[in-house]
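Let me begin by presenting the structure, written as structure tokens, before commenting on it.
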Amino acid sequence: MILHLIPGICLTTCFLCSWTGIQCDYMNRSVVAVDISNSNISGTLSPAITDLRSLVNLSLQGNSFSDGLPREIHRLTRLQLLNISNNLFSGQLDWEFSQLKELQVLDGYNNNLNGTLPLGVTQLAKLKYLDFGGNYFQGTIPPSYGSMQQLNYLSLKGNDLRGSIPGELGNLTNLKQLYLGYYNEFDGGIPPEFGKLINLVHLDLANCSLSGPIPPELGNLDKLDTLFLQTNELTGPIPPELGNLSSIKSLDLSNNALTGDIPKEFSGLRRLTLLNLFLNRLQGQIPHFIAELPELEVLKLWHNNFTGVIPAKLGENGRLTELDLSSNKLTGLVPKSLCLGKKLQILILRINFLFGPLPDDLGHCDTLWRVRLGQNYLTGSIPSGFLYLPKLSLMELQNNYLSEQVPQQTSKIQSKLEQMNLADNRLSGPLPASIGNFSNLQMLLLGGNQFTGKIPSQIGQLKNVLTLDISRNNLSGNIPSEIGDCPTLTYLDLSQNQLSGPIPVHITQIHILNYLNISWNHLNQSLPKEIGSMKSLTSADFSHNNFSGSIPEFGQYSFFNSTSFIGNPQLCGSYLNPCNDSSTSPLQLHDQNSSRSQVHAKFKLLFALGLLVCSLAFAALAIIKARNIRRNSNSWKLTAFQKLGFGYEDILECIKENNIIGRGGAGTVYRGLMPTGEPVAVKKLLGISKGSSHDNGLSA
């Protein structure tokens, strides 16, 4: 709208010069700058913008302009800065670049520009800043881009470029920042000519499919403070020449296939703050000089083949914030000085061979928010306060040899802990009542320890817990009904303990519970029928307890596995022995025996005779019906006298020679396995053909 309202008369021009985003010359006669950045403007850019012939700066960044840019942009011959970044401009840049002789900054970052990289930009003799990153340019990087020697910033990252990186870019000796990675997929490796970029401060070639070795010539870049080569396919050793990068602060060579040791020449990188070498094939020991780098803050060496001990002085520089040495073959003790500067936020040493106790100082490292020390050989107790650090969100200590009791919380600071895994250690004693203070906890894994005593009722205060596993311990007493106060619980495992008493009905208030395992305890009484109404419960295991009575046969009970109820001798129904008047429950059994002892013998005899007469009549009718069926049809028919989970097709599948388990006068017996997993025996009658009489007895 603004661009259509600019006439050539001074009065109107003076008026426009007062508008936000409009800047005029000192006499207010010409518009020299338009800056409407981040103004939430959409639509297309009018070609009328090119009528502002005195325009020097045009900044449209951070809007939603779409479609193509005006082809007549070359009419702005005085333009020095053109910033169209972070819009939705599309199409190709087929301008007459030769007319834009004054242009110094061209920023087209993060649009939908496509086609090949424009060659015309090489005609911009004064261009110092060129950013075509975050678009959809295809093809290769033109070697002629190496002729723009006045450039000090070049970014082509985040496109769809292919081919090799031209060595001619090494001629851009005034370049301070070079970005070529992310989504581009180049062939070959890093041009050794990049060693000539002696003024380079930032080199980012990450994630662009580079292969081959790291050129030792990069060691010539003594002004370089950032070198990002991560997520490529680089091979071979780390060049010792990189130890000459005396200004380097951030060095990331992670996620490649590098081999060998960390070069001893890295001891000279005194300004290094970040060293990422993870996801490679490096080996040897972590050099002790790593701990002596005075500025080091982030050290990530995980998933390599490092051996030996962690440098004992690591952290003594007081700056360490992130340490990840996991998935190596490290041994020895966890250094005591890791949190000496009270800045450590991330501590990950999992999957190593570390042993010995955890340093007590970790219990006072209030900056920690992520701890993963699982799958080592750590011993001793958990340091006091370690589980209750104020910023802690993740704590993993599983699969170690930690012992003694879990410490109680001594401070009143609310915990931010979301996941805690102490499984498979040797922790003992009662669960602390302060476990209920983890109000943000989503996952609590305590299985495979030696905990004793009762499950504290405070566990019902875990209103956000999703997974609760306290299996494989020695806990006793009742299941606290307060567990039913955990509304978000989806996974509950209390198996392999010494729990007793009934299942609390209040547990059915957890409306999204889908896994329940209380097997191998001493729980008793009947199974609550209310569990059948828990529609989310898809897996439950009540086996190996002392439950009694009948298994409810409705709702979710009908979906549970047959093994879910075994090992309960006094339980009947469903997949177990059918319930009857003499096998429902010990109490009912006692009452029925008392009643039967009062029945006179003559009534028993009359009942037996009546039953015999009825049986003979039923048998006669069955024989007559069977003969009639054989006269009328030769097809198979299955008559079931109880509920079965198979049909006659499944029976016929069993009649095979290799399934024979016996032969008799009436026929052959076959062993079979039904789709439900239930074994059966099938007898095939002899003389079953029409007119034969050899099978009459067995048929009856």
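The values are calculated or read from the model by the stated rules, or taken from the named source; none is laboratory data. Given the structure is predicted, the values throughout are model-derived calculations rather than measurements. Positions of Cβ are backbone-derived with ideal geometry, glycine not excepted, and every protein chain shown enters the neighbour counts. SASA here: full protein model, heavy atoms, side chains in, ligands and nucleic acids out. Shrake-Rupley method; radii C 1.70, N 1.55, O 1.52, S 1.80 Å.
Brief remarks on what is shown
- Across the stretch 305-461, the relative contact order, built from alpha-carbon pairs under 8 Å that are at least six residues apart, equals 15 percent.
- Taking every C-alpha pair closer than 8 Å and separated by at least 6 residues, the mean separation divided by the residue count of the stretch 115-208 gives a relative contact order of 25 percent.
- Its Cα centre serving as origin, the stretch 30-125 has a Cβ charge dipole (Lys and Arg +1, Asp and Glu -1) of approximately 140 debye.
- Within the stretch 433-490, the proportion of Cα pairs with more than 13 Å between them is 59 percent.
- Relative to the Cα centre, the charge distribution of the stretch 395-494, modelled as +1 at Lys and Arg Cβ and -1 at Asp and Glu Cβ, gives a dipole magnitude of about 200 debye.
- Less than 5 angstrom separates the built amide H of Gly115 from those of Gln138, all sequence-distant by 5 or more or on a different chain.
- Applying a threshold of 30 Å to the alpha-carbon distances of Lys342/Lys416; Lys336/Lys416; Lys329/Lys454; Lys463/Lys535; Lys176/Lys342; Lys300/Lys412 flags Lys329/Lys454; Lys176/Lys342; Lys300/Lys412 as lying beyond it.
- Remark: accessible surface ordering of Met27, Met534 (largest first) is Met27, Met534, probe radius 1.4 Å.
- Student exercise, the stretch 225-267 dipole from Lys, Arg, Asp, Glu Cβ charges, in Debye to nearest 20: 80
- Accessible area per residue was computed with a 1.4 Å probe on protein heavy atoms; Ser85 scores about 10 Å².
- Quotient of C-alpha Rg and 2.2 N^0.38 Å, computed over the stretch 310-408: 0.97
- Tensor-based shape of the stretch 183-310 (alpha-carbon gyration tensor, a/c under 1.5 rounded, otherwise prolate or oblate): oblate
- Too-long pairs where the Cα-Cα distance tops 20 Å, listed order kept, from Lys656/Lys684; Lys196/Lys264; Lys128/Lys196: Lys196/Lys264
- Our summary gives the stretch 257-379 a relative contact order of 19 percent, counting only alpha carbon pairs under 8 angstrom and 6 or more residues apart.
- Whole-Å distance, taken between Cα centres, linking the stretch 457-482 and the stretch 156-208: 57
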